[in-house]
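So the structure is just underneath, and the comments pick up after that.
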Amino acid sequence: MSSINYSEKIPNNVNLVNDRTLQRALEHWQPRFLQWWQEMGPSDFQAADVYLRTAISVDARGWAHYGVTKMPDYRWGIFLADAQPERKIGFGDQMGQPAWQQVPGEYRSTLRRLIVTQGDTEPASVEQQRLLGHTCPSLYDLRNLFQINVEEGRHLWAMVYLLHAYFGRDGREEAEELLARHSGDTDKPRILTTFNEPISDWLSLFCFTYFTDRDGKYQLKSLAESAFDPLSRTCRFMLTEEAHHMFVGETGLGRVVKRTLEVMKEIGSDDSAKVRAAGAIDLPTLQKYLSFWCSSSLDLFGSEISSNSAANFANGLKGRPDETQYEDHVLREKTMALVTPEGEQQVPMLNALNEVMRESYLKDCEIGLKRWNRQIERAGFPFRLTLPSSRFRRTIGTWAGQPVDPQGNLVGKEVYEKSLPGWIPSESDRAFVHSLMQRVIEPGKMAAWIAPPERGINNLPVEYEYVKLH
Ligand code: BYC
């Protein structure tokens, strides 16, 4: 097991001390990162004492330390999962050959692009969530938001390390650019669509961490299969932290459902206007938020038919999540039936891998919905939450711009435009949700629209003062 040296300026388990050039390059980037954090990270909370976990090793039994720290003092570091001795490439045309410890020249620009795209999402999400602290529903939630933010910062470090260590001058320039693009910026936006959407309320945060962080899980798992071993090892460790982000989304949405059902029982009605008047989020509004963020996140898998995905797989750059669960790891012979607006097509499997991933992602998304629907059923209400079809509201791929309803049926353009405000949050839905976003900072207290969590963080009580504001 490799340990992390905390006495160094940049905690790491990559033996930075023996590579002075790399160390200097990263120490040069570090103040820029800190400046970006001050300018674009959580606004107004830099002096707060926050109960945070910090990675201190990559040992599965005890990789995290919990303690109180100010966010700018967080020890962002570079941690790679332990190397697997003599690791072999697990898929594609070079299957069975030794994994690469350096970047092969012919894949340099593609690998760099993949790493930059992954890296770009991390600071983007911090920027998107920048103002949420002002309207936190509790100190417990505020702490979770900040935990996610500092870890996304660490994930940016993870990608910047790869760029600096393996891509020379181009890599250093890309690392600068990762701090220069900003979420929603008209001139220099973030690369992927979802990461330019504003997250201006906590219902959106919970949907984002449920749906978009889950895309993160799938993308990281597929990059963890990469023949480029440093990328694989980096992503394997990032996945450890990612689980908490999805936990925040899943439990956050579950707590919203729980509170709404309590209110519906109290007032003896499922009428949306009455539920809203009683200060809770009515289930049809929750459904619209789910449909919005799920459909946006579906775009993050790319086009259904993609020559990029075929080349990435065949060349060993990016596999399928949990590649070992499949029998065929080369896929030169297989095809897949895809339904496009023009009808069904047989597509070489290699070109359909984005869709393969999107399908398994949607199955994973179903798990939370089943749980919430059981809660609703047990409370005796007929409403059921659903996921939108993967054809709904797409902006990337074969269904992009097609007038499709949430069930996946093509409808007329006019019908689509008229119905859309009933399918995703309308201006007035957003205004209502924003009206509920009042800050609650008394330890243990929750905003009226969300139930308390079942337990606190790291065995502490829910009433613990997770963030001390000064
Ligand atoms: N928006 O063949 P195509 C996370 C571009 S989330 C804008 O369709 P491909 C996190 C694409 O880049 C995980 N552009 O798809 C979550 C390409 O452009 P170029 C992030 C898009 O390449 C929460 C062109 O369209 N990680 O970690 O097979 C908080 C044609 O591409 C979009 C990754 O995404 C879009 N939605 O797959 C914090 C992994 N979709 O290159 C963090 C790295 C496609 O021709 N990225 N395009 O100029 C990838 O593996 C691939 O780039 C994609 C696209 C899966 C995104």
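Rule-based calculations on the coordinates, nothing more; no lab input. Small disclaimer: the values here were computed from a predicted structure and weren't measured. When we count neighbours, we look across all protein chains shown, and the Cβ atoms used for this are built from the backbone with ideal geometry, even at glycine.
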The answer for residue 336, listing residues at least 5 apart or on another chain whose modeled amide H is closer than 5 Å to its amide H, is 347, 349
Interchain or sequence-distant (5+) residues whose placed amide H lies within less than 5 Å of the amide H of residue 329 are none
Computed ³J(HN,Hα) along the stretch 321-329: with the Karplus parameters 6.51/-1.76/1.60, θ = phi - 60°, integer Hz and x for glycine or proline, the list is x, 6, 3, 5, 6, 8, 8, 9, 10
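Counting pairs of alpha carbon atoms under 8 Å apart in space and at least six apart in sequence, what relative contact order in percent does the chain give?
Contact order relative to length: 19 percent.
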Taking every other residue with Cβ under 14 Å from the Cβ of residue 136 and scoring Lys and Arg +1, Asp and Glu -1, one gets +1
From fewest to most C-beta neighbours within 10 Å, the residues 206, 381, 237 line up as 381, 237, 206
In Å, the Kirkwood hydrodynamic radius from C-alpha pairs for the stretch 290-403 sits at 15.7 Å
Simple SL model, points at 7 angstrom along Cα→Cβ for residue 411 and residue 427; separation in nm is 2.1 nm
Residue 224 neighbourhood, Cβ < 12 Å, K/R = +1, D/E = -1, net charge +2
Those GluC sites (Glu not before Pro) from the stretch 390-470 that are DSSP loop and have at most 11 other Cβ neighbours within 10 Å turn out to be 454
Going fewest to most other Cβ atoms within 10 Å around each Cβ, 93, 229, 213 line up as 93, 229, 213
Dipole check, the chain, charges on Cβ (K,R +1; D,E -1), about Cα centroid: among 275, 68, 341 the Cα furthest to the positive pole belongs to 68
With the dipole of the chain defined by +1 on each Lys or Arg Cβ and -1 on each Asp or Glu Cβ, the option from 200, 145, 331 whose Cα lies farthest towards the positive pole is 145
Between residue 402 and residues 5 or more places away or on another chain, the pairs with built amide H atoms under 5 Å apart involve 394
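Using a 10 Å cut-off around each Cβ, can you sort 141, 73 from fewest to most neighbouring Cβ atoms? Present the calculation step by step, with values, prior to reporting the outcome.
Working: 141 25, 73 10.
Ranked by crowding around the Cβ, least crowded first: 73, 141.
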Taking only the alpha-carbon positions of the chain as identical scatterers, the Debye log10 I(q)/I(0) at q = 0.12, 0.13 Å⁻¹ comes out as -1.12, -1.29
Net charge near residue 452 (other residues with Cβ under 13 Å of its Cβ; Lys, Arg +1; Asp, Glu -1) is 0
